[in-house]
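> Here it is, the structure, as structure tokens.
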Amino acid sequence: MYSSISGGIGKEINAFDTNSIGKDTSFDIIVGKGNSKKEIIFVPKIKNKNERDWLVQKVAAHVDNNLDDLKENIMPFYDEELKATWTTNIKKHSISSTQSYVIEAAVNKGFDLRIVFSAKGLTSGGKLPDPHELMTACLILKKQKINVSTINALSSDKKLKKIKEIVDGLYGVAGDIVGGSGLPGFYLEKERINPDCVNFAKAVSISNVIIDKLKGAKIHTIWQTGKQWAQEIRKYDVQKDDLKHYNSSDIVIKFETTAIHYWGISLKKADWRATGPDEPTLLNKPMYGANGFIQKRIKPGEAAKVEKAKKIFFCGAMKLKHGECYKKKKIVTMNIKELLKGAEVSFVGNDKADMLRGQGEYKSNPNIYFKAMNDVFMANFDGKKDFFSDFLDTVFKFKLQSYLEDAVFHFTLITGVGDWKNGDLKVQEMEEIWHKTTTEVFRELFGDATNTQFRLVPGFDKTGKARKQAYQEGATAAKLFYDMRIGPKGGEHTIVNIEVRYKGALTAEPQFQVFFSTAKNGFKALYKKTAAKLSNQPRW
């Protein structure tokens, strides 16, 4: 029934073990979780979060259509008098962060039977590391260009066999990548049966481009920097202000043309879509709080305004949810840590979204916290050229050469776009963002005397669509949205888009995420224009 989850090949679901039964959440089947003896939970381990949601929806549809058969088979063992009232629902269950499909039977005697269909990631001994960086490095080291069309033209069995043959070869050279990590993730299981076709596609998207750029060059060494920067390249791991690792290269290639060069590559990845890839996150950092990028650049009094609004907002939300007390303690007496801990378990799913947007039953408690963040951000940084230069350099590293003692270091930002859909590799070869071109783009932007406007423009998402902020009536997302625009009025260039949101738990700080602007007169258009102008210059 579920063979089509990943197109029948390269499945994302670990083999489901019906003999793996126990109370520990690492088991596939859990009986009697907690003190209950009448709860059975099915939790297959699935790598991809979207497929976990997909499976739960499929199970729900199947069981709803066959509920009578389920009752007929279970009731003789449970309630022979058939007095149970049965309910089914998709909702949150403590077993998983994703939605679960819950079947419950309650009888007159006052006890119930609960059957839960859920799904978890590959955790508790089954977690496999992300292989994207190491796979990419191995393909580059081997200078192995992949012809995706040729592979996709093969029959299903031969296709998977060919991909496994390639991945097996990459696995064999992974030890030559200095500091390499992520090797177990080359496959979907520890037994190394099925290659990770999704990350393989993303790696190919990048490696094919990089290999073309290295044509004629001799590769000496490739380093992966995630664990640490090796001694030979440590001088390139420069610090800038409060950024410990300003150079964000994930891999560094040492190669030789007429001289020795070092090439740092910052690897992003995005899912393939027929309509074009989504923009990857270029930067993801807390906005406020102890480690907040913005908080370190504002006065203490401004940060205090944000913290005060935060406490008032969550106090109001908790009171609307629970009344005056929560766990026998008056909500107004709670400190911010207690409030956030309570809020994290009190608000989930759509309820959480309503709370953060001040909608539904929380309409009387608008999100003054996000409004305070917005007001402080706008007041301190809209129109400030120095902030724009500092912030955009943090994203694009266009001042990197000024921090390095060696002119032979090069830097590229590139996104791997790929997927495994309907039994085919889907790969889009992406244009790199090359440091020499980027530096020229920003040299012109910040050096042009007519570019007197450096605007933070609220209320636009990364597609250029107008969006209401989370604190505004009618908001459709619990986010703040901003464009960063440079240029004279009427001729502005939208460089990046910023979104501020809770990425996970409410106990953590909201994150700001930075994306390329896809606006018509945005950064990518400027980059292409500048790249064309510089195309006759030598690469190295």
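Each reported figure results from applying straightforward, stated rules to the coordinates on display, with no laboratory input. Worth saying up front: this structure is predicted, and the values here are computed from it rather than measured. Backbone-built Cβ (ideal geometry, glycine too); neighbour counts: all protein chains shown.
> Pairs of alpha-carbon atoms within less than 8 angstrom and 6+ residues apart define the contacts here; what relative contact order does the range 338-471 have, in percent?
26 percent
> Sticking with this one: Along the charge dipole of the chain, Cβ charges K/R +1 and D/E -1, which of THR452, SER149, PHE398 sits furthest on the positive end?
THR452
> With just the Cα atoms defining each centre, how far is the range 399-472 from the range 300-362? Give it in Å.
With the range 399-472 and the range 300-362 each reduced to a Cα centre, they are spaced 36 Å.
> Let me ask something additional. With the alpha-carbon atoms as the only input, what is the per residue convex hull volume for the range 357-432 in Å³?
About 189 Å³ per residue, rounded to a whole number.
> Compute log10 of I(q)/I(0) for the range 322-459 with the Debye formula, placing one identical point scatterer on every Cα and leaving out solvent, at q = 0.18, 0.21, 0.22 Å⁻¹, to two decimals.
-1.04, -1.22, -1.29
> What order do you get for LEU154, LEU128 when you list them from fewest to most C-beta neighbours inside 10 Å?
With the sparsest Cβ surroundings first, the list reads LEU154, LEU128.
> A follow-up question, please. Give me ASP176, ASP419 ranked fewest to most by other Cβ atoms within 10 Å of their Cβ, as a rough exposure proxy. Show your work: numbers first, answer last.
Working: ASP176 13, ASP419 21.
Neighbour counts put them in this order, fewest first: ASP176, ASP419.
> How do LYS321, LYS145 line up, fewest other C-beta atoms within 10 Å first?
LYS145, LYS321
> Around LYS421, which amide H atoms from residues at least 5 apart in sequence, or from another chain, sit under 5 Å from its own amide H, with H modelled in the peptide plane?
For LYS421, whose amide H was placed from the backbone, the distant partners under 5 Å are LYS426.
> Follow-up. Tell me the relative contact order for the chain as a rounded percent, counting alpha carbon contacts under 8 Å between residues six or more apart.
Computed value for the chain: 13 percent relative contact order.
> Go through the range 187-198 residue by residue and turn each phi into a ³J(HN,Hα) via Karplus (6.51, -1.76, 1.60, θ = phi - 60°); whole Hz please, and just put x for glycine and proline.
10, 7, 8, 5, 6, 6, 9, 10, x, 6, 5, 5
> So, one more: Once you have all Cα-Cα distances for the chain, histogram them in 20 Å bins from zero and send the whole-percent values.
Each 20 Å bin holds this share of Cα pairs: 18, 46, 31, 5, 0.
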